[in-house]
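Comments concern the structure below.
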Amino acid sequence: GEVRGVIHAAGVTDGALVQRRSIAACLAVMRPKIQGLYVLQRLFPVGELDFFVNCSSIGSVIPSVGQIAYCAANIFLDRWAADQALVSSAPCWSIGWDIWTESGMGRRSYQELKAAGAVPELVRAKEIALRNGITDREGAETFVRLLAQSAPHVVVSTQPLEDAVARRARSIAD
């Protein structure tokens, strides 16, 4: 069959303070999202699709310590969707997901932190985030609802955004 829509969900988490980052390390995190977007756009021109969805992160509006390249890549996806909304007939969205509890990058990074024997505070912070995260069912239901709206960038969280900002600020201060 013919491809009528694209869901771009590539991503690699970051994990080092900006002072310890190399350009190569930043590019390794950014490439799947940014280069992946350009490859998909070349293979499937937006004007020929029914929709194009970028799976972004809440981190594009509420950055995390150690996630600078990941945040930058997601900001790029958000901006691209906003630009496409101005010039394309096909709907384009960038969905800034909060952490998912049952699957996805957040769950994987938590398991990796535990296996690596990361500092207990970091593991505990990830556990709290996962407890407040999006379930697979909530995510699927939300995704379907978002396809009916017109804003090119939406942030999805189980918590009020103000609470998420305050929680992130506290984690940075600690």
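The values are calculated or read from the model by the stated rules, or taken from the named source; none is laboratory data. Computed from a predicted structure; not experimentally measured. Neighbour counts run over all protein chains shown; Cβ positions are idealised from the backbone, glycine included. The accessibility values were calculated without ligands, DNA or RNA, using every heavy atom of the protein model including side chains. Shrake-Rupley method; radii C 1.70, N 1.55, O 1.52, S 1.80 Å.
Listed values, structure above:
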| read-out | value |
| --- | --- |
| Tabulated pairs, the stretch 156-170, first closer than 13 Å to Gly96 by Cβ and open to solvent by less than 70 Å² (accessible area, probe 1.4 Å), second in a helix (DSSP H, G or I) and of a type in the set (Val, Ile, Thr), C-beta under 6 angstrom, 6+ apart or interchain | Val156/Thr142; Ser157/Ile58 |
| Of all residues making up the stretch 134-155, the number that are touching an Asp or Glu at 6+ places or on another chain (Cβ under 7 Å) and either in contact (Cβ under 8 Å) with a residue 60 or more places away in the chain or among the aliphatic types (A, V, I, L, M) (or both) | 2 |
| Criterion: charged (D, E, K, R), more than 18 Å from Val156 (Cβ to Cβ) and open to solvent by 70 Å² or more (accessible area, probe 1.4 Å) - qualifying residue of Asp14, Asp50 | Asp50 |
| Subset of the stretch 95-122 (residues that are open to solvent by less than 50 Å² (accessible area, probe 1.4 Å), at pLDDT 80 or above and farther than 18 Å from Val156 by Cα) | Ser109, Tyr110 |
| Flag for Gln35 being under 27 Å from Ser157 (Cα atoms) and over 14 Å from the mean Cα position of the chain (by Cα) | yes |
| Odd one out for Gln35 among (1) outside any helix (DSSP H, G or I); (2) under 24 Å from Val53 (Cβ atoms) | (1) |
| Hey, Leu130 closer than 22 Å to Ser60 by Cβ, open to solvent by less than 70 Å² (accessible area, probe 1.4 Å), modelled with pLDDT under 90 and of a type in the set (A, V, I, L, M, F, W, C) or not | yes |
| Candidate set from the stretch 60-94 (those that are touching a Gly at 6+ places or on another chain (Cβ under 8 Å), modelled with pLDDT under 90 and within 15 Å of Met30 (Cβ to Cβ)); member that is surrounded by the most Cβ atoms within 10 Å (Cβ to Cβ) | Gln67 |
| Hey, Ile68 closer than 25 Å to Glu127 by Cα, touching a His at 6+ places or on another chain (Cβ under 9 Å) and in contact (Cβ under 8 Å) with a residue 24 or more places away in the chain or not | no |
| Ala148 within 23 Å of Ala81 (Cα to Cα) and part of a loop (DSSP other than H, G, I, E, B) | yes |
| Pairs where the first residue, in the stretch 1-19, is of a type in the set (A, V, I, L, M) and the second is surrounded by 13 or more Cβ atoms within 10 Å (Cβ to Cβ) and in a loop (DSSP other than H, G, I, E, B), C-beta under 8 Å, 6+ apart | Val3/Phe44; Val3/Leu49; Val6/Phe44; Val6/Leu49; Ala16/Gly66; Leu17/Val65; Leu17/Gly66 |
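Every residue, every condition in (1) more than 26 Å from Arg167 (Cα to Cα); (2) in a helix (DSSP H, G or I), yes or no:
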residue: Phe52; (1), (2): yes, no
residue: Ser64; (1), (2): no, no
residue: Ile75; (1), (2): no, yes
residue: Asp78; (1), (2): no, yes
residue: Leu86; (1), (2): yes, yes
residue: Ser103; (1), (2): no, no
residue: Gly106; (1), (2): no, yes
residue: Leu113; (1), (2): no, yes
